[in-house]
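Participant: Can you read through this structure? Questions will come right after.
The values are calculated or read from the model by the stated rules, or taken from the named source; none is laboratory data. In this text, all values refer to a predicted model and were calculated from it rather than measured experimentally. Note: ideal-geometry Cβ built from the backbone for every residue, glycine included; neighbour counts use all protein chains shown. Remember, those area values only see protein heavy atoms, side chains included, never the ligands or the DNA or RNA. Shrake-Rupley method; radii C 1.70, N 1.55, O 1.52, S 1.80 Å.
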Amino acid sequence: MTSPQVHLREITDANRAAVCAVRVHPGQRQFVDSVVESLDEAAATPEAEPWYRAIYAGDEPVGFVMLSWNVPPGRPGILGPYYLWRLLVDRRHQGRGIGRAALTQVIDLVRADGGTELLTSYQPGYGEPWPFYRGFGFVRTGDLDDGEIVLRLDLSGAVRHR
């Protein structure tokens, strides 16, 4: 099945409730916080330079992505300068390439902003997202962040084909 047209859209008062209704499968909740929890965390952590968008397929919100965006060096406890903090796709829309399309757009945006690497992390366990990230070329750094395995994607080289 081909993925629908996917694009990132700002979260506004007009779409906030629909975006906050996005839910992952119950078995995935151990790996990713909800949109509401993510927005609360972004508001509570302005030093992380949170940047977030709704993921849309056509006119429907189907996911959420949040990064630390171009964080200046020296901020304790903040990974970056570009750190993929959240990526989630609604349970009803998984398996259609939406997460892959959204992450591809994020990578392109980070690269266009001058980023040379993108970091992320994940909680290990059954059903973990490591295979998804490995498919993009992320590698383990050997570091842990609050019990999560930190990954790095080198953006300085040639564009990878996915």
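Participant: Does segment 114-134 hold any residues that are of a type in the set (S, T, N, Q) and more than 13 Å from L155 (Cα to Cα), and which are they? Working first, answer last.
Facilitator: Quick first cut of segment 114-134, residues of a type in the set (S, T, N, Q) only: 116, 120-121, 123.
Once the filter is applied, which keeps residues that are of a type in the set (S, T, N, Q) and more than 13 Å from L155 (Cα to Cα), segment 114-134 yields T120, S121, Q123.
Participant: From the residues in segment 30-41 that are within 15 Å of the chain's Cα centre (by Cα) and among the charged types (D, E, K, R), which one is farthest from Y126 (Cα to Cα)?
Facilitator: E41
Participant: Can you give me the number of residues within segment 32-71 that are open to solvent by 40 Å² or more (accessible area, probe 1.4 Å) and of a type in the set (A, V, I, L, M, F, W, C)?
Facilitator: Number satisfying all stated conditions: 5.
Participant: Right, another one. Output the strands (runs of 3 or more DSSP E) that fall wholly within segment 50-136 and possess 1 or more residues being without any contact (Cβ under 8 Å) to a residue 24 or more places away in the chain and either at negative phi or within 16 Å of the chain's Cα centre (by Cα) (or both), or say none.
Facilitator: On the way: elements: 50-57, 60-68, 83-89, 117-122.
Those strands (runs of 3 or more DSSP E) span 50-57, 60-68.
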